[in-house]
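The structure appears below as structure tokens.
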Amino acid sequence: MSAVEISSLGKVFNAGSANQVDALVDIDLSIAPGEFVSLIGPSGCGKSTLLRLIANLLEPTSGSVTVNGKSAKQARLDQDYGMAFQQSGLFEWRTVAKNIELPLELKGWEKAKRRARALEMLELVKLADFAEHYPWQLSGGMQQRVAIARALAVHPQLLLMDEPFGALDEMTREHMQSELLSICRRTGSSVVFVTHSIPEAVYLSNRVVVMSPRPGRITKIVDVGIEGERTDATRDNAAFFAGITAVREALRGVEMSDHVRGIEDR
Amino acid sequence: MKSRSLLRNVLPPAVFGIGFIALWELVVKGFDLKPYFLAPPSKIWQKFIQNFDLIWGATKVSGTNALIGLLVGAVFGILMSLVLSRYRTLSDLVTPLAIALNAIPIFVLVAVLNNMFAITSEVPRRIMVTLVVYFIVLVNVAKGLTQVSPTHVELMKSYAASEVSILRKVRVPNAVPYLFTALKIAAPASVITAFVSEYFGGSQNGLGSRIASNIANSKNAVAWAYVLGACLLGLAFYVISSLLEGVATPGGGSKRAETGPGARRGN
Ligand SMILES: Nc1ncnc2c1ncn2[C@@H]1O[C@H](COP(=O)(O)OP(=O)(O)OP(=O)(O)O)[C@@H](O)[C@H]1O
Ligand SMILES: [Mg+2]
């Protein structure tokens, strides 16, 4: 059973009105358990929309989404996935530990169990000493790590991430990429990851989905042929560069057909 | 560290205040201003001590009116904002009306209210204070309940949270700093409203009516002594509402307000 199964998915915003947007047309994508898939493409091609449809924060106009063999809605109600956004979205009136406990609170976990899981998650993102701090006492990168810990707190089989490292500096970003991969190795989660950075997509993913706008669709799926565990040495690996070239070529195809901006070629 | 910031925050206004009073004294003495024109601070202080029992009694009357109005108005304001945040259409109906009502000088209502109650009743004044506080609290708390971060709401939906959970865990905590902002505005306003209400008849027992009657009797320095009592009462209300904010907001209210909304969207 695949982690995510998307077939003939379409999304139209403001249907019938003058500002109708065909955000997504005819999307087919199947994600295997434990697989890491990145979505890349110019601004406005529907990456966030696709992620929200998987998360059931939006209803599709046509087609269907299943998560772990259930409807997207049932998967949301069962909290089968964890989600992290570009903005960390921490609740500033809650301590770091209490932020991580929130999804567990809503699941009806008892206090001691919640606290234990929150501390376990903080250990994982190396912020164990900051449990009682408030979000505004943390740097941007630390806040983002808390948000990821919170997304992982229910031990979801699926992780949905929308440009989570967008606000981080290059060093922190690379560090967080390695952290994310090692967390996923331990939990066995599948990941759908939106990014604007080609090297980030290639470093993290088994497959990179290249999208194009107006209307939003998948133009190519690049298989990244990096063997074995990814380490810092991977960034000097020939397969890594081959992946970057392949994704860049695919995006260039998109660019030829349409004037688009917003891809970081770094 | 702490004492240094106290020094920095308290010392300059204290020095300025003392300087201002000294200048006032000098001007009155130097130009030999007549007492009915402007009384010197030393004379006002002397009258304040002499009439302390009377001033304290009047302060209690006005302060009680202000306090009761403040509490009742805040409670009703909070309740109404919860109702409005729940029912969007009702909010669209009521908000313009609330703004319109707030724009008319509602002090005039005291005169109307005075006719409805016994001549010695304090109720009309308390209703006035309640009304003023109610609108301040309603407008601010309603804003806090509705202007929540879209990311927070999406997160709660992704946790399969009900509307009630979203209210309890996102909207209400988000509104707490707004409530204390409202109270810091409403506390001095409640004192002022309590005074001004006394100018429209009723018992001559509060600070406002005493100030008026002493001025009418050309007892300028005594009137000023009552004004001093009024200042101290307003200040006490403000200080208490500020202290409450510090206690009720984890990690320090104003600090959070500074980093809050900007940081929330920025990061
Ligand atoms: N709620 C909405 N109502 C109307 N149109 C929307 C809505 N959400 C997205 N759109 C439109 O759908 C299209 C895709 O938006 P989306 O946010 O998915 O793009 P994106 O690929 O995530 O872009 P970016 O890289 O800038 O984040 C855009 O044209 C956008 O204007
Ligand atoms: Mg987006």
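Observations on the structure shown:
- Once backbone amide H atoms are built at 1.01 Å from N, A:PHE36 has A:VAL191, A:ASN206, A:ARG207 as its partners under 5 Å, excluding neighbours fewer than 5 places away on the same chain.
- DSSP-defined antiparallel bridges as percent of all bridges, chain A, nearest 5: 55
- Within the protein assembly as shown, antiparallel bridges make up roughly 55 percent of the DSSP beta bridges whose residues both belong there.
- Centre-to-centre separation between the Cα atoms of the stretch B:108-135 and those of the stretch A:91-112: 46 Å.
- Residues A:VAL12, B:VAL164, ranked from the fewest to the most other C-beta atoms within 10 Å, line up as B:VAL164, A:VAL12.
- Charge dipole magnitude, Cβ of K and R +1, D and E -1 - the stretch B:69-218, Cα centre, debye nearest 20: 320
- Over chain A: helical MRE at 222 nm, DSSP H runs n ≥ 4 each giving -39500 (n - 2.57), nearest 500: -11500 deg cm²/dmol
- Note on chain B: with a GNM built from Cα contacts shorter than 10 Å, the maximum mean-square fluctuation among B:THR151, B:THR59, B:THR130 falls on B:THR151.
- For the protein assembly as shown, the normalised intensity computed at q = 0.05, 0.07, 0.11, 0.12 Å⁻¹ comes to -0.33, -0.58, -0.99, -1.10 (log10 of I(q)/I(0), Debye sum over alpha carbons, equal scatterers, no solvent).
- For the options B:ALA118, B:ALA186, B:ALA160, a Gaussian network treatment of chain B with springs between C-alpha atoms closer than 10 Å singles out B:ALA160 as fluctuating the most.
- For A:LEU24, the residues 5 or more places off, or on other chains, whose built amide H falls under 5 Å of its own are A:LYS11, A:GLY216.
- Between B:ALA221, B:ALA66, B:ALA100, the GNM of chain B built on Cα springs shorter than 10 angstrom shows B:ALA100 fluctuating the most.
- Which of B:TRP45, B:TRP56, A:TRP93 has the fewest Cβ neighbours within 10 Å, and the rest in rising order: B:TRP56, B:TRP45, A:TRP93
- Centroid-to-centroid separation of the stretch B:171-203 and the stretch B:10-61 [C-alpha atoms, Å]: 27
- Counting neighbouring Cβ atoms within 10 Å and putting the fewest first, the residues A:CYS184, B:CYS231 line up as B:CYS231, A:CYS184.
- Kyte-Doolittle mean at least 0.0 and Cα axial length at least 27 Å: DSSP H helices in chain A: A:238-257
- By the combined test of axial Cα extent (at least 15 Å) and Kyte-Doolittle hydropathy (mean at least 0.0), the qualifying DSSP H helices of chain B come to B:2-30, B:52-86, B:88-103, B:123-146, B:172-197, B:220-248.
- Helices in chain B, meaning DSSP H runs of at least 4 residues, each add -39500 (n - 2.57). Divided by all residues, the mean residue ellipticity at 222 nm is -27000 deg cm²/dmol.
- Förster radius 56 Å - calculated FRET efficiency between B:THR95 and A:ASP236 (Cβ-Cβ, nearest 0.05): 0.35
- Cα point-scatterer Debye curve for chain A, base-10 log of I(q)/I(0) at q = 0.07, 0.11 Å⁻¹: -0.25, -0.62
- Derived scalar couplings between HN and Hα for the stretch B:159-169 equal 8, 6, 6, 7, 4, 5, 5, 4, 4, 6, 9 Hz in order, rounded to whole Hz, by the Karplus curve 6.51 cos²θ - 1.76 cosθ + 1.60 (θ = phi - 60°), x for Gly and Pro.
- Where Cα atoms sit under 15 Å apart: lysine pairs in chain A separated by 8 or more or lying on different chains: 5
No value in this document is a laboratory result; all are computed from the given coordinates. As the structure is a prediction and not an experimental result, all values here were calculated from the model. Please note: Cβ atoms are built from the backbone with ideal geometry, for glycine as well, and neighbour counts cover all protein chains shown.
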